[in-house]
Amino acid sequence: MYRKYLFILLLFLSIFAFSQADNSKILFTINNQPVFAEEFIRVYNKNIELIQDDSQKDIENYLQLYINYKLKLSEAYLEKLDEKDTYKNELSKYTKQLQTSFLTDKNTEDKLVLEAYDRTKKEVNVSHILIRLEKDDNDTTEVYNKIQKLRIPLLNENIDSLIKKYHNGNDVIVENLGYFSAFKMIYKFENVAYDTKVGQVSKPFRTGFGYHILKVNDKRVSLGEVNVGHIMAYKKNLGAREKIYSLYDSINKGANFESLARKHSEDKNTSFNGGRLRPFSSGELNSVEFEKMAFSLNSFNNISIPVETRLGWHIIKLYSRSEIKPLEDIKSILKNKIKRSSRSSIISNSFYQMLLEKYNVSYNNEHLKYFDSIINDEFFSDSWEIPENFDEDKLLVQIRDNKYSFIDFVTYIQENQASKNLNNTTTNELYKDFLNKNLLSVYKLNLETDNKDYRLILKEYKEGLLLFDLMQEKIWGVASNDSIKLNEFYQSNKLKYTSFDQDRGEVISDYQDFLENKWIDELKKNNTIKINKKLFKQIKKSLNR
């Protein structure tokens, strides 16, 4: 029943704040408050294609709608609706949400989304060797040389023979990973896999697990996604092979796959559901044999022959296959995957690098040498005392107009050492955390003045929220709650309707329009509106309307 007003509200939600211009650019004023031509033109051009009603596309009518909107907004501020606690609370919640979306490097995020999408369309088949290292192990020469010598065997020998020679399942891992695409491996591993040519072995590279080398066996267009079910018998159980072949024989004789899965499948995570798995793509199940068989099924309801994996024996049934969806359909999914993966650190680092450049500061600070000299083991055992000659007020760094002294840095470390487990952290790392925290704080504090996009979105939400509250108070609440007035309106216009109960929604909607038009007439009488007709004529001509 609010449909007509909601249309107008949506129409003007894209109103933006503009810099001050000279008086010749003022299109109209309401009680001497200016509305600039630039604002009107931008909103008109932005919304004109969304308008269904041809009469509202007419620029003369559009100007009147725009004036009506500004009158309502002026009334909302006059009634101090922006000072209500409910308004402030709602605006505060939205502001926090909006800020979060601006605390990122969108250009880097977009590049990672495009890269990830491109990789989902291609699959790479990889064998690799890993020699494990602890994360904080810096003496890596011996391990590096050892894995370097394995490059030629990995290039020339069969992976199965290499597994027999070197794989011990502990500090040395040798395996064929099969096909995979984006997000199936840690990002650094994925990058090397996609950057290495087919038939070649990569140079040694280090991740949090240790040193790797990998061989790219093949690259292919993605097979998309499959939705299958399976019946499983665990290898560890005696007679697993015989059991699965007996079930396969029953299916060939007409037994129902799903019924057999419920009764006999030993995968209790899927048996209750007739054996059905969630859809998956290559590399997602960590079972080359299972995936190979699943993707070899081509037709709906195809049933595989029994297939052996490292866990057991399976019969697989195909329910559906799907191709990679267009980017716009899965863009939000890719963004969420990026936020949950190691890629997120790339965006975060890029964002903070942008802030460093914006505020002309650096992670390199000459004063850190002094802190290296005074912070010792006692500091992390809560027995450290500030040296007698410690200059608390000495400037450590300045971000915009915000100055941070030596004592600010020391206080930060002391307050955060328990939560951050700082015992093995260097002074440089501590300073980086300290600087990042304060860079973010200053950026958020000045976001509305510094970032035009943020300012415009926040302004449109502020105005939309105010207008919603105003309409609820002046129109919607009155029309819905005053049954006597509503009935009087119906009686005066009953020829337009079938019976009151049947057409109640339409009656309320029409009564809202009646109240709103009456209210706008009052606003026009009670406010002084001056239009720069000469300027409007020029605008009308320039827009060819």
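The values are calculated or read from the model by the stated rules, or taken from the named source; none is laboratory data. Just so you know, these numbers come straight off a predicted model, no measurement behind them. Side chains included, ligands, DNA and RNA excluded: accessible areas come from the protein's heavy atoms. Shrake-Rupley method; radii C 1.70, N 1.55, O 1.52, S 1.80 Å.
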Could you check how much of the accessible area of the range 404-513 is carbon and sulfur, as a whole percent, using a 1.4 Å probe? 45 percent
Viscosity 1.567 mPa s, temperature 4 °C: give me the Stokes-Einstein translational D for the range 462-520 in µm²/s, with Rh taken as the Kirkwood radius over C-alpha pairs. 108 µm²/s
Three-way shape label, the range 265-324, alpha-carbon gyration tensor, a/c 1.5: rounded
For the range 207-277, the accessible surface attributable to carbon and sulfur atoms (probe 1.4 angstrom, ligands and nucleic acids excluded) amounts in percent to 49 percent
Straight-line reach from residue 253: which aspartates and glutamates have a Cα under 20 Å away, not including same-chain ones fewer than 8 places off? 242
The pairs in 80/525; 72/96; 72/524; 93/462; 184/215; 121/184 lying past 19 Å Cα-Cα in this model are 80/525; 72/96
What aspartates and glutamates sit close enough to residue 518 to cross-link, taking a C-alpha to C-alpha distance under 19 Å and skipping anything fewer than 8 places away on the same chain? 75, 79, 469, 473, 482, 488, 506, 510
What accessible area per residue, rounded to a whole number of Å², is obtained for the chain using a probe radius of 1.4 Å? 57 Å²
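Beyond 22 Å between alpha-carbons counts as too far, so tell me which of 165/188; 146/203; 165/292; 219/292 fall in that bin.
From 165/188; 146/203; 165/292; 219/292, over 22 Å: 165/188; 165/292.
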Which of [x] 188; [y] 149; [z] 291 gives volume of the Cα convex hull per residue in Å³ as computed here? It is [z]
Helical mean residue ellipticity (222 nm; -39500 (n - 2.57) per DSSP H run of 4+; nearest 500) of the chain: -16000 deg cm²/dmol
